[in-house]
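The values are calculated or read from the model by the stated rules, or taken from the named source; none is laboratory data. As the structure is a computational prediction, the values presented were derived from the model and not from experiment. Here the Cβ positions follow ideal geometry from the backbone for every residue, glycine too, while neighbour counts run over all protein chains shown. Note: accessible area is taken over every heavy atom of the protein model, side chains too, but ligands, DNA and RNA are not part of it. Shrake-Rupley method; radii C 1.70, N 1.55, O 1.52, S 1.80 Å.
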Amino acid sequence: MSVLSRDAEVAVRWSDAERARALKRIIPKAAIGKVLRKTGRGRTPCRRLPRWFVVWFVIALGLFCPDSYRQVFRWLHRFKKGLTPGRSTLCEARQSVGVAPLRLLAEEVLELQGQPQTRHAFYAGMRLMALDSFVVDVYDSPANARAFGKPGGGRSPGAFPQARVLSLCEAGMHILWKSLIKPCCRGEVPMARYLVRFLLENMLLLWDRGFLSYDLVQRVRERGAHLLARIKSDLVFQPIQALPDGSFRAKLYPSARHREQDRDGVLVRIIEYTLADPQRPGAGQTHRLLTTLLSAREHPAKRLIVLYHERWEEELAIDEIKTHQRERPVLRSETPAGVVQEIYGLLLGHYVVRKLMCEAADTSGLAPRELSFVNTLKILRCRLPECPRSQSGIERWYTQLLAEVADERLEPRRDRINPRVIKRKMSKWPKKRETHRHFPQPTKNFRQSIMMLN
């Protein structure tokens, strides 16, 4: 048999066997092939692990986070004696693919899902977007520590290196649409300058008070988008025009000198309010919002105050990844390139789950936020290994999968609050230091080391 025919036989065997093709509606195999060719990774040196399959394997690491490499491979591929690779082989396959295909694939397939009729996805014809970041602990190797750094602390540096991920999120759908990965020491505002260039017209961006800067507000308006942001209480805004709903128009300046000279100001609207319920955090304190929506008649202040809390939908999306999807306290990759690749796998895995929820919600007339992310993830982990071989079987399997996801409805959200505290802050054990990394190992086995005292 020629080499060409053997390769064809292997390709057919893999195409028939691997289960990830059941999700090709979400991440098409053609898109994977396209990014592999674009990055020069199209040729597969190992017939046992085609590179298009390795891309799916990295995404599966983000879906089956608690499992080992070999177990994740088993979820994706039916058993065949001698086919399951060892851990080192799978690690080398990941290294051969690299970071670029996963990054380009995320840019290629992650799409906005909200439609004008989708509940909670739009306000006054503007798509609700949110901007926020999160950090993930990565494997404590010297290479990762040099590349990502460790967070500073009062007593000593943090236990693990950390990577920071800033994401532009479609708030109503929990889609982390565009993301940027940097070391933990990198500030959110410089990272945000990169992401706001992806804003489209008729988007309404929500962000927390740490992001506000003249430059970012300018960039948002240049993109044709609008802004609704929380701002710090010490910022100076001189009222220009009082509005009937209690808000006022003012100008945002690059500096105090520009304000004194009334030069280069951006017209904005300031909303100040307090909370009368003593049981709510911040009751009695002054809260301030800044928006580029200047009309009090079209956008009343109280409506915008309530709308701003849609920003917390990105916090929930981040919680989905960090708490429920990842499940591992520390990412497994020991190299910086592996860390970035693994994070893109997490983001693509999250998109797979969220896309399933969007399709299931659409078929049932629900909003995606009315379905359970946790249960959808568990259903996918359970049903993916059951995927049949035939195309007709896959169609039935996918329809049943959507129906099962649509059945996992959440109870209506309760109007409640929780304090932002942790239960365990300090440890009684000594801190692990560099001298403990390569600790001396025994020279004798346990039995040989026993010495009786009498």
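How much net charge surrounds TYR69 when only the other residues with a Cβ under 15 Å from the Cβ of TYR69 are counted, with Lys and Arg +1 and Asp and Glu -1?
In short, +3.
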Length-normalised contact order of the chain, Cα under 8 Å, at least 6 apart, in percent, tallies to 17
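Is there a quick way to get the dipole size of the range 352-454? I mean about its Cα centre, with the Cβ of Lys and Arg at +1 and of Asp and Glu at -1; what is the value in debye to the nearest 20?
It comes to approximately 1240 debye.
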Taking the alpha-carbon centre of each part, the distance from the range 275-341 to the range 23-98 in Å is 34
Over all directions, average the projected area of the Cα convex hull of the chain and note it in nm².
-> 31.3
Percent of all Cα-Cα pairs per 10 Å bin for the range 219-338, counting from 0 up to the last occupied bin, reads 11, 31, 27, 17, 11, 2
Taking the dipole of the range 296-454 about the Cα centre (Lys, Arg +1; Asp, Glu -1; charges at Cβ), the one of ALA406, HIS299, GLY349 that reaches farthest to the positive side is GLY349
Quick one: putting +1 on the C-beta of Lys and Arg, -1 on the C-beta of Asp and Glu, what dipole do you get for the chain around its Cα centre, in Debye to the nearest 20?
-> 1780
Would you check the accessible area of TRP177, probe 1.4 Å, heavy atoms only, in square angstrom rounded to 10?
-> 30
What do you get for Rg/Rh of the range 138-201 when both radii come from the Cα atoms and Rh is the Kirkwood radius?
-> 1.09
What are the semi-axes of the equivalent ellipsoid for the range 394-454, taken as the square roots of 5 times the Cα gyration tensor eigenvalues, largest first, in whole Å?
-> 55, 28, 14
For the chain, what does -39500 (n - 2.57) per DSSP helix run (n ≥ 4), summed and divided by total residues, give at 222 nm, in deg cm²/dmol to the nearest 500?
-> -11500 deg cm²/dmol
Sorting SER133, SER68 on solvent-accessible surface, 1.4 Å probe, most exposed first, gives SER68, SER133
